1. Which is farthest toward the positive dipole end of the stretch 259-368 among CYS323, SER267, ASN368, measuring Cα position about the Cα centre, with Cβ charges +1 (Lys, Arg) and -1 (Asp, Glu)?
2. Out of all DSSP beta bridges with both ends in the chain, state the antiparallel percent to the nearest 5.
3. I need the helices of the chain that pass two filters: whole DSSP H segments spanning 27 Å or more by Cα along the axis, and mean Kyte-Doolittle score no lower than -1.0.
4. Tell me the net charge near PHE354. Cut-off is 12 Å between Cβ atoms, PHE354 excluded, with +1 for each Lys or Arg and -1 for each Asp or Glu.
5. Kirkwood Rh, Cα Rg: Rg to Rh for the stretch 316-466?
6. Can you tell me the alpha carbon radius of gyration of the stretch 46-125 divided by the globular rule-of-thumb value 2.2 N^0.38 Å?
7. Mind jotting down a quarter of the surface of the convex hull over the alpha carbons of the chain, in square nanometres, one decimal?
Amino acid sequence: MKNKISNQFFISYIIVFVMSIITAFLALQLMSFADSVISKTLVKNNYTADNIMRDDYTMIDSSKVVENSGGVQVVNQNLEVVYSDGLNILGNGKLTTEEFTDFLIYSNSVGVPYSVDIQYNDTENFWLIVSFPTSIRIDFSFVYNREIASKDMQGVIGVIVAVVLFYFIMLTICAALYSKFTAIRFTNPLKKLVEGTQGLRNGDYSTRVHLNLKNEFADLQDTFNTMAEQIDHEFTLRQQSEENRKRLILDISHDLKNPLAAISGYSELCLKKLPPSGEEIKNHLLIIHENSIRANKLLTSLFELSKLESAEFSLNSSREDVCEYVRETMSTYLSLLDGAGFTYSFDIPEQEIFAMIDREQMNRVFANLMDNALKYNSGGTEISVRVWQEDSHAVVIFADNGIGISADIAKEIFSPFIRADVSRNSQTGGTGLGLSIVRMIVQKHGGNISLKTDNNDGCVFEIRIPTI
């Protein structure tokens, strides 16, 4: 890629160089043509010394020259200015030989702001000088004399050819170097971008490109890095999803293994021990029944979680006063809290805070939070519920001052199969999916739920849902 772009730049510069030469040649031709056109209109070309020359200089008509800001002077053999009319660039009186010689030599030199035409009358032996002021003039000429000695011509032509060749060689070298330098400014960023894309292709999603430029390549760099970050993020999410899937399968297998093993074992024991006593049958059937309930609860929770995660799931929401809803919901748990020896306090304002709520689904949220509080805490624990409005959200706090959860477990508590009892104690009867379902329901309402807790520091669940 680098050589290809470099060659393209070099060819482009050669084309520009050739076009510049052609343009310069055409410009010279155009200037020559323009000069021939303009010269026909210039006053100095219409009133030359040859046109107004007379043998008797007193008969010379200088009126048109003077009318056009020009001047006419006559210098005799003694270098005396014997006649002067209009513009005078010689001065009056007698000129020295040196002064007149300098005038003849430098009158039309480069930079002289006058156009001077000199004609010598060899009949009466005087010089007629016609001059006009020049506003602007470009002095350029190429002189070729056919009578020049052939040896000199060969030497001059050789020098000219050598100079032209040197010019072309230097111009070509400069064009090549500049094209390479320019190409490098393009190929180096492209090379880094190619290396970055190769890194992504090879699975290195941490690849980033740093060009330290402020042109269009900087925009391309930012776009590439943003794309790489998105790919890296999505790959991380995919890895995490895959790990969660594997963990989910292991947890499901683990949680179903125990109740199914109990069901299988005790049912087999009932079949083998014939005739079993009535009390034994009752105990075995009780164990089978409890474990079947555990298995059914797990499968039901899995079904509910899958249903909530489905894109086809939608809430059956209605406009509800959050304060009144929470007040009604908490009242249904009062007898249960009293029976468990729990105390409680509610701080629910009388003002109305409206939100779109699916009562059936939100009931499951509070049922799960209440079930966990009762399951993991002992009598004497206080349950407190508070409600208020903050900005455009209704905030519901469900807290207890019980045993709390370790900070490490709390970080993942809303993930599937994460339990406060890390030993997966079957006595609690939990599936490890309750809080995952809670979070999903709250998110379906457009809100979020968070937990603040630590060992022996209680649990504070904060639910935030948007108001209307």
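1. Result: SER267.
2. Numbers: 46 of 51 bridges.
Percentage antiparallel, nearest 5: 90.
3. Working: long enough: 2-39 (54 Å, 1.23); 150-201 (73 Å, 0.82); 216-272 (82 Å, -0.61); 278-309 (46 Å, -0.15).
Going by DSSP H runs, the hits are 2-39, 150-201, 216-272, 278-309.
4. Details: positive: ARG319; negative: GLU320, ASP321, GLU324, GLU352.
Neighbour charge sum, excluding PHE354 itself: -3.
5. 0.95
6. Numbers: Rg = 12.4 Å, N = 80, 2.2 N^0.38 = 11.6 Å.
Taking N as the residue count of the stretch 46-125, the ratio is 1.06.
7. On the way: hull surface 203.9 nm².
Here the figure is 51.0 nm², rounded to one decimal.
Quick note: the coordinates plus some simple rules give every number you see, no bench work behind them. Here the structure is a predicted model, which means the values were calculated and not measured. Don't worry about glycine lacking a Cβ; one is built from the backbone with ideal geometry, like all the others, and counts go over all protein chains shown.
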